[in-house]
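Every number in this text was worked out from the coordinates using simple rules, so none of it is lab data. Being a predicted model, the structure only gives us computed values, none of them experimental. Cβ atoms come from the backbone with ideal geometry, glycine included; neighbour counts cover every protein chain shown.
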Amino acid sequence: MRKIWRGVLIFSAIAVSIPLFVLILIHFTPKPPTAKMEHARAILSQAEKNQADTYSKKLFTEAKIFYDSAMANWHNENKRFIYFRHYDKVGTFADLSVKRASQATDNSISTSSNLKVKLKQKIESLDALVVQIDDLFNTYPLTSEIRNRISKGKILLKEAEIVYNKGQYLQANRKLTDAEYLLTESYEYASANLKNYFKSYSVWKKWVDRTLIDSKNNKDYSIIIDKFSRKCFIYLSGSKKYEFDAELGKNWVGDKRTRGDMATPEGMYKIAKKFDGGKTKYYKALLLDYPNEEDVQKFKAEIERGSLPASARIGGLIEIHGNGGKGIDWTEGCIALTDKEMDMIFKIVRVGTPVTIIGSMAELKDVVDK
Amino acid sequence: MKNKVLMGLAAIAMVAFLSSCGKVPQAKVDATNAAITAAQTAEAAVYVPAEFTAVQDSMKAINAAIEVQKSKLFKKFGPIELKLDATLAQAQKVATDAVAKKEEVKKEVETTMAAVKTTMEENATLMKKAPRGKEGAAVLEAMKTDMAAIEASVAEAQAAYDKGTFMDALNKIKAASEKATGINTELKDAIEKVKGKGKAVAPAAKPAAKPAVKK
């Protein structure tokens, strides 16, 4: 009987002590920083959603490395005997990952939002630049290389706008940088060219003033050709009577320097001859006294300076003629009007009527503002 | 004394038994990782980035959950296996979606490219009909350069398409399309304006025969 009681007692002791023992074992089991790891993962995921991998690459990469280190450390600790495990480093790495990922998120949000604003402004300013280029230089004789650069810049600007609208700001930034380079460089080149051209404005003004005074004093007709606005003005006694659209030499910017340069000369000339009928290929024509003495001197000086080759020859046979109205600068240096306008002008001018050809009657500032 | 030793051994054996029960479902982990790699190869990050990030997040959570179980005395991988099954299916869907989206983008590039080519051909025809009044011809000259740039852009889009970078090709061809359409509208408006005014449309006038004179 005593033996039975002893057995029951032992069994009971074992039954109680084993769960107790297991509970003690569980209680003393090292606890991994599960919550910290979950938090780190959530923050890292949030950083990725905020495109920190794009806009805050360094911090995001560090955050990822810390998270991976935490996982690797956790994995290695789990290989050890359960009571020899230490999860302190796992927690430390998780904390570091959270810190970096949070910084990466903040940084990414601010960088992308700043970039978004900056890009929007850049797109708007480049759009405005394109409008300005078109307004100022659509009819200005730029080199084909510059024209191609402008066209390429416009396409890149459009591509940048498309990727910008998709939220791909870094790609948009790259395309905008390329577009900006092409457009700004072309604009600066063309503007410098234009500014340089308008350096002669004071001379042109003097010529115009003298032409108008002469017209007034002589009570006679005078013709002024404004190359920039492509206009032919007819004055009588110093007052403007008629205004026609004019077409010029293909390379009209600047003074004529040599034969075949497709430039329309600038200077104060006179009508030397009048042609009509079969005497001209251009319906009717008014031959100018180009080159005059000043043009010859300038040409010789250029040859002497070496800015023109010794083989260069001075141009000539510059006319105001018909066959115009094409809407493009197509002549080899002459001024083309429509046949109807030639009929009209032919009647009122005579041999000796002054013809003053200038770059522009308006100042550059006014031209740009217009 | 003998009993105490026996009890100790029994306890250790029990701990060893309890802690060793439940194995990491490695085969499923490997299969899911392989499916994620397949999705990556299918350019899921490019064509379905949000879905791909979600599946990667799920896998990260599973890896953490595995370590959580491995840290415990009594391991339980049943719920993880269910998550693995779901993530595997998700990864396979992401791969399929990426392929479908890529095909969709490819088709869009093809359609837009064909449309741009048609618009460009139409633009070339409209150019001949466009009015060449005051500055009109000069504007047409500038348009010709723009059209050459569009053609170059179409060629770049084609090169990106041939390389299989369809997103890049799509961005390029869309820009070219907008530009070509812009020119098309401009030309049609100019022609319409002239028709509205009842003016005759001037033919594409060529410069008169060059005189054999110095200029």
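Ignore the peptide's own chain and count Cβ atoms of other chains within 10 Å of each Cβ in A:69-78; give me the average, rounded.
For this peptide, the per-residue mean of nearby foreign Cβ atoms is 3.
Projected onto its three principal axes, the C-alpha set of segment A:281-324 covers 40, 18, 13 Å, listed from the longest axis down. Can you give the angle from 0 to 90° between the axis of helix A:57-77 and the longest principal axis of chain A, with both taken from C-alpha atoms, to the nearest 10? Tilt relative to chain A: about 20 degrees. Highest mean packing first, where packing is the average number of other Cβ atoms within 10 Å per residue, the peptides A:119-132, A:84-97 line up as A:84-97, A:119-132. Here the convex hull built on the C-alpha positions of segment A:329-370 has a volume of 131 cubic angstrom per residue. The DSSP beta bridges internal to chain A are antiparallel in roughly 75% of cases. Projected label points at A:Asn292 and A:Leu9, each 7 Å from Cα along the beta carbon direction, are separated by 14.1 nanometres. When the pairs A:Lys216/A:Lys347; A:Lys281/A:Lys340; A:Lys281/B:Lys188 are compared against a 23 Å limit on Cα-Cα distance, A:Lys281/B:Lys188 fall above it.
Just need the relative contact order of chain A here, percent rounded to a whole number, with Cα pairs under 8 Å and 6+ apart. Mind dumping the intermediate values first?
Values: 563 pairs, mean separation 49.8, N = 370.
Worked out over chain A, it gives 13 percent.
Note that segment B:48-100 shows a convex hull volume over its alpha carbon atoms of 46 Å³ per residue.
In this simple spin-label model, placing a label point 7 Å from the Cα along the Cα-to-Cβ direction at both B:Thr125 and A:Ala192 gives a separation of 4.5 nm. Ordering of A:318-325, A:166-173, B:58-65 by packing is A:318-325, B:58-65, A:166-173, highest average first (other Cβ atoms within 10 Å, averaged per residue). Looking at this model, which pairs from A:Lys199/B:Lys144; B:Lys107/B:Lys128; B:Lys107/B:Lys129; A:Lys250/B:Lys179; A:Lys195/A:Lys256; A:Lys89/B:Lys60 are more than 29 angstrom apart at the alpha-carbon? The answer is A:Lys199/B:Lys144; B:Lys107/B:Lys128; B:Lys107/B:Lys129.
All C-alpha pair distances within segment A:135-180, sorted into 5 Å bins from zero, spread as 5, 24, 23, 17, 12, 10, 7, 2 percent across the bins. Hull volume per residue, based on the alpha-carbon atoms of segment A:24-95 and their convex hull, is 69 Å³.
Across peptide A:5-15, the average count of Cβ atoms from other chains found within 10 Å of a residue's Cβ is 1.
Share of pairwise Cα-Cα distances greater than 16 Å in segment A:80-183 is 67 percent (whole percent).
Tell me the angle of helix A:34-49 to the major Cα principal axis of chain A, expressed in degrees between 0 and 90 and rounded to the nearest ten. It is inclined by approximately 10 degrees.
Both numbers refer to the Cα atoms of segment A:304-363; Rg and Dmax are 15.5, 44 Å. Listed by chain and number, the aspartates and glutamates whose C-alpha is less than 18 Å from the C-alpha of A:Lys58, apart from same-chain residues fewer than 8 away, are A:Glu48, A:Asp68, A:Asp95, A:Asp106.
Ignoring everything except DSSP H segments at least 4 long, calculate the 222 nm mean residue ellipticity for chain A; use -39,500 (n - 2.57) per segment, divide by total residues, nearest 500.
Numbers: 11 runs with 215 residues, N = 370.
After summing the helix terms and dividing by the residues of chain A, the value is -20000 deg cm²/dmol.
Note on segment A:164-245: semi-axes of the ellipsoid equivalent to its C-alpha gyration tensor, largest first and rounded to whole Å, are 48, 14, 7. Remark: for residue pairs A:Lys219/A:Lys284; A:Lys175/A:Lys227; A:Lys241/A:Lys284, the C-alpha separation exceeds 29 Å in A:Lys175/A:Lys227. The calculated pair-distance distribution of segment A:237-338 uses every alpha carbon pair, bins of 10 angstrom beginning at 0, and gives 16, 42, 31, 10, 1 percent.
Taking every residue in B:61-68 and counting other chain Cβ atoms within 10 Å of its Cβ, the average works out to 6. Among A:23-35, A:58-70, the peptide with the highest mean count of other Cβ atoms within 10 Å heads the list, and the full ranking is A:58-70, A:23-35. Mind pulling the angle between the C-alpha long axis of helix A:339-348 and the longest principal axis of chain A? Nearest 10 degrees, somewhere in 0 to 90. Approximately 40 degrees, to the nearest ten. Dimensions of chain A from C-alpha coordinates, computed as largest minus smallest value along each principal axis and given longest first, are 155, 42, 36 Å.
Counting only Cβ charges, +1 for Lys and Arg and -1 for Asp and Glu, the dipole size of the protein assembly as shown around its Cα centre is about 1500 debye.
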